[in-house]
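Enquirer: Here it is: the structure, laid out below.
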Amino acid sequence: PVEPNCPRESPMSELKDSEDSAVQDFLQILEEHRKNCERQGKYVEAEIAKNRLEELREHEENRRREAMRSRQIAERLGVEEAHMLEFQQFNTLWDKRMAQFEQKSFDLDEAMRERHAAELNEYLRKLQQEPLRRPKFSKELLNLRSIQQTLAKQKQYAEAHKVKLKADNLEAFELEKLRNLHQIRMQTLAEKFKSKQTGELLALRKRVQTGREEQKKQRQLDLERLLQRYQNVKSELESQQNIERIRAEKYMNYQLYHNRGGDAGVQMEESQEMQSQQGGSPEQY
């Protein structure tokens, strides 16, 4: 699996850190200036410095929020890009694997059909060379031949000729029937041989289909694992970014409260100091 690129320190990040340090230094200088103006009674300048501080702090908070938002978007995009790359690699790998499977299946099917064709031709050639079985004539034909011979011995040639014609016709009929049965037997054997080959080819194709379904199931399982890994990484990143945003907001709110509270505390101390110098208290007025 492809992992998102980890952020590294770069000249741009170093420049950003330098800019952040400069901004904080400037805010510190401006805060010291406000305090000095306040101690010296330069309240107009102190007010200007205070307003400028608030503007800069608000601007800095917004800048930090935007920087964090941009960085988090970049992190999420990094995860998305890594996932898309892994997804493309996954599809490329599986497409190649399934194409190889289909090519091998086609080659096996083609080789079996070629082998079957050669075996069938050889089997049919042997069947054609198989001699006709010795005929087994019927009792009627054998009886006619016996009568024919008896009449011929008795010199009853006219009657013997009639019986011979009848016997010849019957013999021709029986021989033709025998040849037909032989042809039917040859066709039956050929069909049986073809059926056996068809069964063998169907068994091969069934095994191929089973393998194809297993490949599809395995691809789906691998895809589900890939998507689940992506969802886990995405959820973990979102959780970390939410925690980071919450902490950042808490820190900014603390800084804002601290700065405002510090200003109010200074004003209260100045008021109490003036009252003590005048020897009175707020209630006396």
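Enquirer: Mind ranking 126-136, 173-183 by how tightly packed they are, going by the mean number of other C-beta atoms within 10 angstrom, highest first?
Expert: So the peptides 126-136, 173-183, ranked by packing, come out 173-183, 126-136.
Enquirer: Applying the Karplus parametrisation 6.51 cos²θ - 1.76 cosθ + 1.60 with θ = phi - 60° to the phi angles of segment 62-73, what ³J(HN,Hα) value in whole Hz is obtained for each residue in order, glycine and proline being reported as x?
Expert: Residue by residue, segment 62-73 yields 5, 5, 5, 4, 5, 5, 5, 4, 5, 5, 5, 4 Hz.
Enquirer: A follow-up question, please. Equivalent-ellipsoid semi-axes (√(5λ), Cα gyration tensor) for segment 98-219, whole Å, largest first?
Expert: Result for segment 98-219: semi-axes of 61, 12, 7 Å.
Enquirer: Per residue of segment 239-251, in order, report the coupling 6.51 cos²θ - 1.76 cosθ + 1.60 (Karplus, θ = phi - 60°) as ³J(HN,Hα) in whole Hz, putting x for Gly and Pro.
Expert: Listing the rounded values in order: 5, 5, 5, 5, 4, 5, 5, 5, 5, 5, 5, 4, 5 Hz.
Enquirer: Another question about this same structure. Can you pull the percent of segment 142-191's accessible area that's carbon plus sulfur, 1.4 Å probe, other chains left in place?
Expert: 58
Enquirer: A further question follows. Can you compute the charge dipole magnitude of segment 148-253 about its Cα centre, using +1 on each Lys and Arg Cβ and -1 on each Asp and Glu Cβ, nothing else charged? Give it in debye, rounded to the nearest 20.
Expert: Charge dipole, segment 148-253, about its Cα centre: 400 debye, nearest 20.
Enquirer: Treat each spin label as a single point 7 Å out from the Cα along the C-beta direction, and report the Gln149 to Lys217 distance in nm.
Expert: The answer from the label model is 7.5 nm.
The values are calculated or read from the model by the stated rules, or taken from the named source; none is laboratory data. Please read these numbers as outputs of a predicted model, since none were measured by experiment. As a convention, Cβ positions derive from the backbone with ideal geometry for all residues, glycine included, and neighbour counts pool all protein chains shown. The area values use the complete protein model at the heavy-atom level, side chains included, leaving out ligands, DNA and RNA. Shrake-Rupley method; radii C 1.70, N 1.55, O 1.52, S 1.80 Å.
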